[in-house]
1. Per residue of the stretch 21-33, in order, report the coupling 6.51 cos²θ - 1.76 cosθ + 1.60 (Karplus, θ = phi - 60°) as ³J(HN,Hα) in whole Hz, putting x for Gly and Pro.
2. What's the FRET efficiency of Leu58 with Gln18 using the Cβ-Cβ distance as r and R₀ = 30 Å, to the nearest 0.05?
3. At 222 nm, what helix-only mean residue ellipticity would the chain give, in deg cm²/dmol to the nearest 500, using -39500 (n - 2.57) for each DSSP H run of four or more?
4. Using each residue's phi in the stretch 149-156, evaluate 6.51 cos²θ - 1.76 cosθ + 1.60 at θ = phi - 60° and report the 3J(HN,Hα) Karplus result to the nearest Hz, with x for Gly and Pro.
5. Rolling a 1.4 angstrom probe over the protein heavy atoms, how many square angstrom per residue are accessible across the chain?
6. Let me know the charge dipole size of the chain about its Cα centre in debye, to the nearest 20, where only the beta-carbon of Lys, Arg (+1) and Asp, Glu (-1) is charged.
7. Need the full-extension length gain, Ala49 to Thr101, defined as separation in residues times 0.36 nm minus the C-alpha distance. One decimal, nm.
8. Could you tell me which of Leu134, Tyr90, Thr154 has its Cα farthest along the dipole of the chain towards the positive end, charges placed at Cβ (Lys, Arg +1; Asp, Glu -1), taken about the Cα centre?
Amino acid sequence: MSHFLSCKIADFLVRQQQIPEQEWEICQYGYDTLIYSMEQTFLLLILGALLHQMTGTLLHIASYFFIRRYTGGYHASTRLGCTIMTLFTYLLSIGFGNALTYFPHFYIVIGFLQIVYYVLIYQYAPVGHPNKPLTMDQIKRNRRNIFILSILFTIVVLLCSLHSINAASTLTCSLMSIAVLTIHSEHRSQSHS
């Protein structure tokens, strides 16, 4: 659906002379990416409503939106693969997040997972794309942004844990899934070189 809509938008913008015809592909690609991201977000929000996990869903989406853009990491090669991976990481975060609430030493487990997250992110992030490697400046800037945002999300975990241990554990699991996708991507790129 995103491809169809993005083509219609790009066609409309060319007809209205808002963009030159030679920029049609760039415009179409940008709108396609935006619409696809919105579709993924709506899918997760619908699942969150069905699972009665709206807070955890919003935190999961936020962590991916803010942190994953700087960490890089595994990306599926097709839209179907991307949707499956999105659903998989979301359902794992929700499922493990719910399971963690039953641990007797909840705060110790959450603290341990947060430490593991920081170690993994420090070790592997950011990951550049083979077709678009990161410069040293980009690596430094991304790393700084990752750690600032990670600290903010850790504060959110602590605040959530005062009101909803389920939300705190889901956010922690979402952060861990970001770290795992970063490791997977790093090991995949090393095996191809």
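The values are calculated or read from the model by the stated rules, or taken from the named source; none is laboratory data. Note that the structure is a prediction, hence the values are computed from the model and not measured. Cβ: placed from backbone, ideal geometry, glycine included. Neighbour counts: every protein chain shown. Accessible surface areas use protein heavy atoms only, side chains included; no ligands, DNA or RNA. Shrake-Rupley method; radii C 1.70, N 1.55, O 1.52, S 1.80 Å.
1. My calculation for the stretch 21-33 gives 4, 5, 9, 4, 4, 5, 4, 4, 4, x, 5, 4, 5 Hz in order.
2. With a Förster radius of 30 Å, E is 0.35.
3. Computed mean residue ellipticity for the chain: -26500 deg cm²/dmol.
4. 5, 5, 4, 4, 5, 5, 4, 4
5. Dividing the accessible area of the chain by its residue count gives 61 Å².
6. 420 debye
7. 16.7 nm
8. Thr154
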